[in-house]
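Below: one structure, written as structure tokens.
The values are calculated or read from the model by the stated rules, or taken from the named source; none is laboratory data. No experiment lies behind these values; they were computed from the predicted model shown. Ideal geometry is used to build each Cβ from the backbone, glycine not excepted, and the neighbour counts take in all protein chains shown. Ligands, DNA and RNA are stripped out before the accessible areas are found, and what is left, the full protein with its side chains, is counted by its heavy atoms. Shrake-Rupley method; radii C 1.70, N 1.55, O 1.52, S 1.80 Å.
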Amino acid sequence: PGFSAVQEEGEAALTEAELEQVVDIFLTETDTLWMLDLPTALVSTEAEEAARVLERNKIYVEICNAKIDSEYFEEKMVQTISGAAKTKEVQCEPITVAEKGMMVTSWDLDNSLNASEAEPTETEEPRDPADESSKSPSAEEHSQAVPVPSATGNIFHFCPSAVPARSHEEKECHSEAILTSANLQQDLVVMERILMENIFQPKLAAYRQIPVLIEPVVTSDTDAEEAKKEEDEEKQEEILSDPSQRPAAGAGPSLELLWSYRCDLTSGHSVSSMAWNKVNPDLLAVGYREFVSQDQKKGLACCWSLKNPMWPERIFRCEHGVTAVDFSLARPNLLAVGTADGRVAVYDVRSRSDAALLDSSASLNKHKGPVWQLKWVEQDRGATAGDSREKLMCISGDGRMTQWFIQQRLDCSDVMTIKRTESGKKKLPGEREMKSEAPVSQQAAGMCFDFHPEDPDIFLAGTEEGHIHRCSCSGKEPILGTYRGHKGPVYKVAWNPSSTEMFLSCSADWSILLWHRDSHTPLLTFTSVTAFVHDIKWAPKSAFIFAAVNERRVEIWDLSVSIFNPVLSCAASPEGNLSSLLFARNAECLLLGDSCGQVGVWQLHNLAVPSTEQVWLCSQGLGSFLSK
């Protein structure tokens, strides 16, 4: 083929040598541009999916043939009605616009320019405070914040280098306002609760006896199977190595530590008393005292919640060690606290202030010895929590049993004064006190008390000399009888909540005694170790089980199993000595306080359940069961 070319104007003509030169031209195919792609509806008979397509076509033909003359198929036409269009209008308030202005004199502009040149930049080294003080007040005043005109001459701006001090102060004030805002504090509390529940979820689930949530791990099928196999192997190894994780069949009673209420604030203090809130079973009050070189130091009363086992919800600081705490039932927000200097205080746990709502410091009848125990006692046992009447009872080392009245101030009246008695004749244990005995003027220190579960007028009072007095609040003679059996101070007395004619007592003479109300001789004596028995408690769901703590170990006694040895005895506080105990109200758990400021929450496993015959005998009286 022939090619023709038209020479453009201004271009040089080709020479004969250039025309004779061989030129290579390569033609390549460009990428295909798809403007429209319609997938084919046909498949080759040689394709791999041809058999599957033929089978689907055959099924479709059979379905179409089945519709012909069938009563289950009917052709109908449906017309969709278009909804009528609606017009809506919304009216809002106009945006508020405000105009602000300021007046600047010419000398202000001149001074601001001079100050901006003299001020150092933000990247320079900070100057010595002495140099700052030598600066004239007028210059410093103008250099902090002075308007500078812009190039337009209409709008005034602040020079950045002229206002570093004010902007820094404003930032600090703004940051402080954010950190101290109530909304931020509330949000932090919610976040803290969420974190605590994530951390302690398995332990809290075991405490509440609900299933433990296991977070699923998103992996491939092979990895998931391998991880599950490894997890099963680890669980089997834990069950074989840890006795507490073994199956319950044939296993004896055991304790498992769930968590401990402790923090840096309570470290070094000794747990003196514990009390559950009467309405909120998740709120626990703990009293702490500290002894250093035989001197009593400041104490604490803390309110712990299950929602945060790592830090108390409320902290009340006292000048002296806290010896007793208890919550009110009629007003669950009131917490009564007794201290080692004889002070009685009432706190409102709803308030974040650590100041006492009422205090006995101004009372003329205040105690002159340590308040070893206090308790809110219901006067109307059948009334509801809002209608019940209560009285706050205290027993002190000055030998007085008092009833406190909550009015404009905190004041009290004596219910009983405990006298120390002596006799020329040596009395045998359990012998009745003779009427001819003359009381000595010296008063005996009261250590503990417990009111009868059914009769709020009758109570037991343990003394430092080892006696237990059965007393009445309304009688002419407050002491109805005396039980002698201990050789040391009586630390705790406790009525049996089910068999109300029986009660326990523990003492510094290493023994625990079981008494009947009508007998001045102890029915049983429990002694397992040579150590002070500091606290005892009956189990809330069984009349046969009680727990006791001495300086070394915690013991669980089950009278339906054995009256000679405890069913469980273990050292639950390796770091310090045990000082107090408390059963959980809504869980099979036991709380143990020690001399290091820790309150351990232990779960009870495999405790024996009393039989029907034992329950019936217990309803007739625990003494009839023991006699049988």
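Glu176 contributes an accessible area of around 120 Å² to the protein surface, as traced by a 1.4 Å probe with all chains present.
Label zone of Leu38 (point 7 Å out along Cα→Cβ, amide N under 19 Å): in region 50-81 this covers no residue at all.
Under the shape rule built on the C-alpha gyration tensor, where the axes satisfy a ≥ b ≥ c, region 38-123 is oblate, since a/c reaches at least 1.5 while a/b does not exceed b/c. Between Arg56 and Gln408, the simple spin-label model (points 7 angstrom out along Cα→Cβ) gives 9.4 nm.
Full extension of the chain between Thr180 and Arg208 gives 6.5 nm of extra length, using 0.36 nm per residue less the Cα-Cα distance. In region 263-331, the convex hull through the Cα atoms has an average projected area of 4.6 nm², a quarter of its surface area. In terms of distances greater than 22 angstrom between alpha carbons, the cross-link table entries Lys366/Lys476; Lys297/Lys375; Lys419/Lys476; Lys298/Lys419; Lys298/Lys368; Lys297/Lys487 yield Lys366/Lys476; Lys297/Lys375; Lys298/Lys419; Lys297/Lys487. Ranking Tyr72, Tyr261 by solvent-accessible area of protein heavy atoms (1.4 Å probe, all protein chains present), from largest to smallest, gives Tyr72, Tyr261.
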